[in-house]
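Report on one structure; see the data block that follows.
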Amino acid sequence: MKNKNAPGEGLPKDTAFEAETYALAQLVDVICRRTPQAQAAVVASPARGPWRAVAASARSGQRIASGQRLDRPEHAWMAERGEPSVGSQPLDNSAFRLRQPIVLRDGSFFGNLCLVASRADSVADAGLRDAAGVFAELAALLIGQTRRSADAEARLDNEAAAAEQRERFVAVLAHDLRTPLSTVRALGETLSIAPERANLPRIAKILLAAVARMASLIDGVLDLARARLGGGITMRWQSCPDLAERLSQIVEEARAAHPGRRIHSQIQIARAVDCDPARLQQLLGNLLDNALTHGDEGRPVSVVADANESELVIRVANEGAELDSETIAHVFEPFWRPKRSKRAEGLGLGLFICAHIATRHGGSIRVESANGATTFVFSMPNARA
């Protein structure tokens, strides 16, 4: 007997599907070996596009293999939906065939179990037809079990990834909190040893900055929890007539924090915008922090914001290395960092929170990266539904 059941050959690469085809390949091989009347056993399916022989096993003289497209005239009977059938349309040298549909537990049609015989009395045999029905049911059970196993494995992988993500999150949070806490402790010790009044304004400024950093970290964690576990991040809607000034304030704060960097801004919002202004300030701050962190330090960062009667748009762009397709696909996920990220610290929540702020405003955010520049574009309707 010639076994042509190499699993997945000629089929799309997919671990779960390969496991499925492997199980079916073993089944058709057993059918062909243990059923003397059968010259060939084929599982035909359109599950991944055109009808193909997902699994095939044949005796000498039969020319059909796993992965083969069933687009030749002699294969047409295999690639049909319908009730079980017995007929005499030839497959290569064989004159008689039997087709049994494979129906999964959820009622969906997977394909057909096809048996080929060289004699009419073989396919007319009631025992063979009953066996074909049992084999088709067994194929459906194998497919279902393989898919359930694949789903369970995927869930385990997701849970393992989530556990690893949580561990990384706790480590980064502890690291980021340790720095401002160390600053507070050092300054406290300085005050206890030499409480010089002349240095109090400078010390107070540093303490306030450290506390603000810790508060920002805690707020980020709270926003993550609300976005994932609750009803979304909290919003305080209002009609904001001075949004331009509020966004310009964020730009000025970024300039003060990065005195060596150039930030060009063009904020033209001459009308009231129905929004949560504090959240839009947070969004712009996060986008600016991202651009200043990952952009070319010798090139400017640009901020453009404008609004018309129907839409508010904010764009933040930096020049430098373009984002690859993997980064673009994951950039709004929590804790995500590109492999060549310039900075290892930080919780990696900024862009994730931006995406949720956009969603809560009924808008969207996207990233464009081409021609040596990366631009994040936020847009939202200029009126609540």
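The values are calculated or read from the model by the stated rules, or taken from the named source; none is laboratory data. Just so it is clear, the structure is predicted and the values come from calculations on it, not from any experiment. No Cβ is skipped: glycine too gets one built from the backbone with ideal geometry, and neighbour counts run over all protein chains shown.
Checking each residue in region 328-376 for being at pLDDT 90 or above and among the charged types (D, E, K, R) picks out ARG360, ARG366, GLU368.
If you scan region 288-312, which residues turn out to be assigned to a loop (DSSP other than H, G, I, E, B) and closer than 21 Å to SER364 by Cβ?
Initially, region 288-312 is screened for residues assigned to a loop (DSSP other than H, G, I, E, B), giving 295-300, 308-310.
If the condition is that a residue be assigned to a loop (DSSP other than H, G, I, E, B) and closer than 21 Å to SER364 by Cβ, then ASN308, GLU309, SER310 are the ones that fit.
For region 19-34, the set of residues classified as hydrophobic (A, V, I, L, M, F, W, C) and more than 13 Å from ALA139 (Cβ to Cβ) consists of ALA19, CYS32, listed by residue number. Figure legend. Inter-residue proximity from region 40-53: first residues in the same structural domain as LEU115 (by TED's automatic domain parsing), second residues surrounded by fewer than 16 Cβ atoms within 10 Å (Cβ to Cβ), beta-carbon distance below 6 Å, spacing 6+ or different chains. Indicated pairs: ARG48/PRO12; PRO50/ARG69; ARG52/ARG69. The residue that is modelled with the highest pLDDT, counting only those in region 1-50 that are of a type in the set (Asp, Glu) and within 33 Å of the chain's Cα centre (by Cα), is GLU20. Cβ separations smaller than 6 Å between residues 6+ apart or across chains give the following pairs from region 67-82 residues that are of a type in the set (Phe, Trp, Tyr) to residues that are surrounded by 11 or more Cβ atoms within 10 Å (Cβ to Cβ) and part of a loop (DSSP other than H, G, I, E, B): TRP77/GLN89.
Among ARG129, ARG97, which is the only one that is under 20 Å from LEU27 (Cα atoms), part of a strand (DSSP E or B) and either touching a Leu at 6+ places or on another chain (Cβ under 8 Å) or modelled with pLDDT of 80 or more (or both)? Reasoning before the result, please.
Details: ARG129 fails: part of a strand (DSSP E or B).
Being under 20 Å from LEU27 (Cα atoms), part of a strand (DSSP E or B) and either touching a Leu at 6+ places or on another chain (Cβ under 8 Å) or modelled with pLDDT of 80 or more (or both) holds for just one of ARG129, ARG97, which is ARG97.
When region 240-286 is filtered for residues that are touching a residue at least 60 places away in the same chain (Cβ under 8 Å) and closer than 22 Å to PHE352 by Cα, the ones remaining, listed by number, are LEU247, CYS275, ASP276, ARG279, LEU280, GLN282, LEU283, ASN286. Kindly provide the set of residues from region 280-304 that are touching a Ser or Thr at 6+ places or on another chain (Cβ under 8 Å) and surrounded by 21 or more Cβ atoms within 10 Å (Cβ to Cβ), ordered by number. Matches in region 280-304: ALA291, GLY295, VAL303. Of the residues making up region 158-193, those that are more than 30 Å from GLU333 (Cβ to Cβ) and either at pLDDT below 65 or in the same structural domain as PHE335 (by TED's automatic domain parsing) (or both) number 0.
Does PHE135 qualify as being farther than 28 Å from ILE218 by Cα, modelled with pLDDT of 85 or more, part of a helix (DSSP H, G or I) and of a type in the set (Phe, Trp, Tyr)? So PHE135 passes the test. All of ALA256, ALA278 fail the test of being over 34 Å from the mean Cα position of the chain (by Cα), aliphatic (A, V, I, L, M) and at pLDDT below 95, apart from ALA256.
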